[in-house]
Amino acid sequence: MFSSKMCRVALSLVILTFVAVISTHAQDADVFFGVGTARASSTNQQVDTFGNGTLYPTPEMKGTFGTFGANYMVRPHLGMGAEYSLKFTQSPYAGLKYRPYFYDFNAVYIPTRKSNRIVPELQAGLGGAKLNFYYNSQFCSVFAGCKTSNTFLESSNHFQLHMGGGIRQDLEVVSVVRNTRMGWCIFL
């Protein structure tokens, strides 16, 4: 049921967690992964992408994004962090396909620590947005049938400032050790 590779990855994550906790000397550090969405409306600009007179509309940005990052609190109320977000799938963009990526480096501020489990968190920083563009083409042959190709064309990078806030909820970590057919595996 659980492969030995999964057990090695889980064990590595547990060891890294303990090393990170020991090395922080009672400071607050966390690593996270999340799934969410981002949305931006279209400019409704018409673009002649291929120079053939056919106009394509620019789309709105929407879809599911994965985010992972880490925060380290240098002082009880002040810290630093970094995040990386990417769209899981390509989306249409003016006759092409595109995939956005976002990254940022933040200052993290927690105004109060009245509750140990739920606290407000404010972030501000700088980063970038990267858009990768792709072209889908199809080639058909009488002998081999049809083949679809997804070719990377170019990327566009943009500087951006970031500011946000949210609620931080700390969860208790419970470890379980289970004997599987492949050996011992530790789960968080």
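Among the residues of the range 68-91, not a single one is in contact with a Leu (Cβ under 7 Å, 6 or more places away or on another chain) and loosely packed, with under 15 Cβ neighbours inside 10 Å.
Any idea which residue in the range 34-53 is nearest to Lys97 (Cα to Cα), counting only those that are touching a residue at least 24 places away in the same chain (Cβ under 8 Å) and exposed (fewer than 12 other Cβ atoms within 10 Å of the Cβ)? Working first, answer last.
If we filter the range 34-53 for residues that are touching a residue at least 24 places away in the same chain (Cβ under 8 Å), which is where we start, we get 34-38, 47, 49-50.
Now narrow it down to the ones that are exposed (fewer than 12 other Cβ atoms within 10 Å of the Cβ): 34-37.
Working: Gly34: 24, Val35: 22, Gly36: 21, Thr37: 18 Å.
Of everything passing the filter in the range 34-53, Thr37 is nearest to Lys97 (Cα to Cα).
Only a single item in (1) assigned to a strand (DSSP E or B); (2) more than 24 Å from Gly165 (Cα to Cα); (3) among the hydrophobic types (A, V, I, L, M, F, W, C) is not met by Phe102, and it is number (2). Scanning the range 15-43 for residues that are among the small types (Gly, Ala, Ser) and part of a strand (DSSP E or B), which turns out modelled with the lowest pLDDT? Of everything passing the filter in the range 15-43, Ala29 is modelled with the lowest pLDDT.
A single member of Leu126, Leu122, Leu131, Leu86 is among the aliphatic types (A, V, I, L, M), assigned to a strand (DSSP E or B), modelled with pLDDT of 85 or more and farther than 22 Å from Thr37 by Cβ, and it is Leu126.
Regarding Tyr72, is this residue assigned to a strand (DSSP E or B), touching a Lys or Arg at 6+ places or on another chain (Cβ under 9 Å) and touching a residue at least 12 places away in the same chain (Cβ under 8 Å)? Steps first, answer last, please.
Numbers: assigned to a strand (DSSP E or B): yes; touching a Lys or Arg at 6+ places or on another chain (Cβ under 9 Å): no; touching a residue at least 12 places away in the same chain (Cβ under 8 Å): yes.
The answer is no for Tyr72.
The values are calculated or read from the model by the stated rules, or taken from the named source; none is laboratory data. None of the values given here were measured: they were computed from a predicted structure. When we count neighbours, we look across all protein chains shown, and the Cβ atoms used for this are built from the backbone with ideal geometry, even at glycine.
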